[in-house]
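First the structure, in the form of structure tokens, and then the observations on it.
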Amino acid sequence: MSLEDMYQEIILDHYRKPLNRAPSLEDEAVAVHHSNPLCGDEMDLRLRVVDDAVDAVVFDGEGCSISQAAASAMTDAVIGRDLKDALDLTEDFRRMMHGDEPARADDLKDGVAFQGVAKFPVRVKCALLGWMALKDAIETYERGASAHTVTHEE
Amino acid sequence: MAFDVPALRKEFPTLQREIDGHRLVYLDSGASSQTPRVVLDAMDRYYSWSRSNVHRGVYQLAEEATDLYEGARAKLATFLDADPRGVVFTKNATEGCNLVAYSWVRRQLGPGDALLTTVMEHHANHVPFTTAANELGFEVRHVPLTDDGQLDLDAARELVADGKVRFLAAVHVSNVLGTINDVAELAGVVREANPDAKVHIDGAQAVPHLPVSFRELDVDFYAITGHKMLGPTGIGALIARPELLESMEPFLTGGDMIRDVTLEGATWNDIPHKFEAGTPMIAEAAGLGAAVDLLTDLGMDAVREHEVDMAAGLLDAVGGIDGVTIHGPSDPALRGAAVSFAVDGVHPHDVGAMLGSKGVCVRVGHHCTKPLMRCLGLTATARASAYVYNDRDDLEPLVDGIEAAKTFFAR
Ligand SMILES: Cc1ncc(COP(=O)(O)O)c(C=O)c1O
């Protein structure tokens, strides 16, 4: 599989024109900061919750095309979902990154385009960064806290 | 140039590979160098002919193994212009730095003392000392950088002025900026303020690329690593003043490093054996000895001359690309051939992946220098680092790959 196969047009589109990329969010419930010291990726993710559902989610930070594009596609797939459902979808994406067929391909929306990344083990953590930040934001919210910082070690 | 690069390249099996139909262009020797046939043969000869343990055997194989191991020590001592009694084999440079941190710094420094280091240290020469400082309560001071990525010696003079600095830990050549530090002068600055201060230099990126004389540098400790100087992984050395090693307590204890052992305790073997506990890396020492022979044959002056040329080529070729910024000194005479760069709007990871898909190997990330990255306001860079088997033919695939990344990832 070539590099061009990994970087599909859908991924490049999200990278060039990211959805829900913003440095702040009105009425945010939780802000989390995730970093990946190995490649120097940094991500801020903010979540607004209404009626136990993802009302809005935005991300900001620095990272490679895969991490930025995956976070963009993630926001599009989870906005409007119940928190529990969003966690379930996160797990589906995580499994896909470890080689499984996605059970909820339609719900992942453009997220399915990242299936090929699973073949590049060092890039899997890039694709997961936004999703792991979302999972952490939801869990932080459920704990009743409003902020959390995570450093991903390998 | 005094050696024939294309002929030399043939001696490195890995460099004969192709990646997806592309010639392998290895520009990551700053992380680890390739291994020449002579080094592989030396290790193979040990395993298939003289395989036995060192030092205690009274039969021929054991004598041969001991000769290989101690012979490598003698070669390294000659290569670095040091006393063989001051050459301690370690696993790598990191272990050398830890030996110094544990056996000297942690036993000597305490509250009221200060240790001077720089903002451009590799984690190997940073974490052992900051951890000690945090536990023992001595202060750590940092020499800052000038705009051109050099150590600011005027600032260093101010940092030592109160006479509290008892130890200097500094890198000889930066693995990120390529800067060659005038460590002898920096040592002079420290000793002028405190004549008893000790000096430890991280030479991991210097010894593979420049002529180094431990005697002329006139420092106390100097750590090196074999896998960056054409040798195998798993072996490095700490070079030290013998009289200092004699006064120090061991780092690791156990077999081989003792003179006598009773039920209650032990006395220590002579240096350098006092610092080499357990069965050492015998095959790796044989391999490192062969690497030293090869570097000696090439001549370190010629190696340096070649790398000045490669540094100049890299600075011109990569620095000449629109939207590319180079970190570190702009004068090839002041730097090694490890060149870190940023491509406007393209993350280093993506640059590296694009280059990798075209057979060009460069390193991306923070290069184990997170404090330096913070200081430069960066999270990561891409780094191309050249060595004896690279020549200017390797620059074209590098430049083409960077251009391809720019086009592919243009927003
Ligand atoms: C400047 C510098 N110091 C120390 C080290 C550590 O070397 P090793 O990992 O072999 O201990 C490196 C290697 O990356 C380095 O570049």
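The values are calculated or read from the model by the stated rules, or taken from the named source; none is laboratory data. Since we're looking at a predicted model, the values are computed, not measured. Neighbour counts run over all protein chains shown; Cβ positions are idealised from the backbone, glycine included. Ligands, DNA and RNA are excluded from the accessible area calculation, which covers all protein heavy atoms including side chains. Shrake-Rupley method; radii C 1.70, N 1.55, O 1.52, S 1.80 Å.
Quick one: B:G313 ticks every box in (1) within 12 Å of chain A (Cβ to nearest Cβ); (2) in a helix (DSSP H, G or I); (3) open to solvent by less than 30 Å² (accessible area, probe 1.4 Å) except a single one, so which number is it?
Only one criterion in (1) within 12 Å of chain A (Cβ to nearest Cβ); (2) in a helix (DSSP H, G or I); (3) open to solvent by less than 30 Å² (accessible area, probe 1.4 Å) is unmet by B:G313, namely (1).
Considering only residues that are assigned to a helix (DSSP H, G or I) and surrounded by 23 or more Cβ atoms within 10 Å (Cβ to Cβ), which ones fall in the stretch B:239-274?
B:L245, B:K274, listed by residue number.
Residue check: is B:V388 more than 14 Å from chain A (Cβ to nearest Cβ), touching a residue at least 60 places away in the same chain (Cβ under 8 Å) and within 15 Å of the ligand (Cβ to nearest atom)?
no
Return the only residue of A:A105, A:A133, A:A137, A:A147 being free of Cβ contacts under 8 Å to residues at least 12 places away in the same chain and not acidic (D, E).
Answer to the check: A:A105.
Of the conditions (1) among the β-branched types (V, I, T); (2) open to solvent by 30 Å² or more (accessible area, probe 1.4 Å); (3) assigned by TED's automatic domain parsing to the domain that holds B:L168; (4) more than 21 Å from B:I282 (Cβ to Cβ), B:T14 fails just one. Which one is it?
That leaves (3) as the condition not met.
So, in the stretch B:116-138, exactly how many residues are away from the ligand (no atom under 11 Å from the Cβ) and touching an Asp or Glu at 6+ places or on another chain (Cβ under 6 Å)?
Residues that pass the stated criteria total 1.
Name the one entry in B:D81, B:D113 that is at positive phi and either more than 14 Å from every other protein chain (Cβ to nearest Cβ) or more than 16 Å from the ligand (Cβ to nearest atom) (or both).
From the options B:D81, B:D113, the qualifying one is B:D81.
If you take the residues of the stretch B:155-201 that are open to solvent by 10 Å² or more (accessible area, probe 1.4 Å), part of a strand (DSSP E or B) and not hydrophobic (A, V, I, L, M, F, W, C), which of them is farthest from the ligand (Cβ to nearest atom)?
The selected residue is B:R166.
So, in the stretch B:118-138, exactly how many residues are part of a loop (DSSP other than H, G, I, E, B) and surrounded by fewer than 20 Cβ atoms within 10 Å (Cβ to Cβ)?
So the answer is 2.
Quick one: which of B:I321, B:I326 is open to solvent by 30 Å² or more (accessible area, probe 1.4 Å) and away from every other protein chain (no Cβ under 11 Å)?
It is B:I326.
List the helices (runs of 4 or more DSSP H) that sit entirely inside the stretch B:2-117 and contain at least 1 residues that are touching a strand residue (DSSP E or B) at 6+ places or on another chain (Cβ under 8 Å) and either modelled with pLDDT of 95 or more or hydrophobic (A, V, I, L, M, F, W, C) (or both).
B:60-79, B:93-100
Restricting to the stretch B:344-381, count the residues that are part of a strand (DSSP E or B), open to solvent by 10 Å² or more (accessible area, probe 1.4 Å) and either within 12 Å of chain A (Cβ to nearest Cβ) or modelled with pLDDT under 95 (or both).
3
Quick one: B:D256 ticks every box in (1) modelled with pLDDT of 95 or more; (2) touching an Asp or Glu at 6+ places or on another chain (Cβ under 8 Å) bar one, so which box is it?
(1)
Return yes when B:G234 is within 10 Å of the ligand (Cβ to nearest atom), surrounded by fewer than 24 Cβ atoms within 10 Å (Cβ to Cβ) and either under 14 Å from the mean Cα position of the chain (by Cα) or within 14 Å of chain A (Cβ to nearest Cβ) (or both) and no when it is not.
The answer is yes for B:G234.
I need the helices (runs of 4 or more DSSP H) fully contained in the stretch A:1-117, keeping only those with at least 1 residues that are at pLDDT 95 or above, open to solvent by less than 60 Å² (accessible area, probe 1.4 Å) and more than 12 Å from chain B (Cβ to nearest Cβ).
Fully inside the stretch A:1-117 and qualifying: A:65-78, A:83-97, A:105-108.
Of the conditions (1) more than 30 Å from B:E64 (Cβ to Cβ); (2) under 18 Å from the mean Cα position of the chain (by Cα), B:T296 satisfies every one except a single condition; which number is it?
The one condition B:T296 does not meet is (1).
Checking B:D394 against (1) within 27 Å of B:D20 (Cα to Cα); (2) in contact with a Ser or Thr (Cβ under 9 Å, 6 or more places away or on another chain); (3) open to solvent by less than 20 Å² (accessible area, probe 1.4 Å); (4) among the charged types (D, E, K, R), which single condition isn't satisfied?
Unmet condition: (2).
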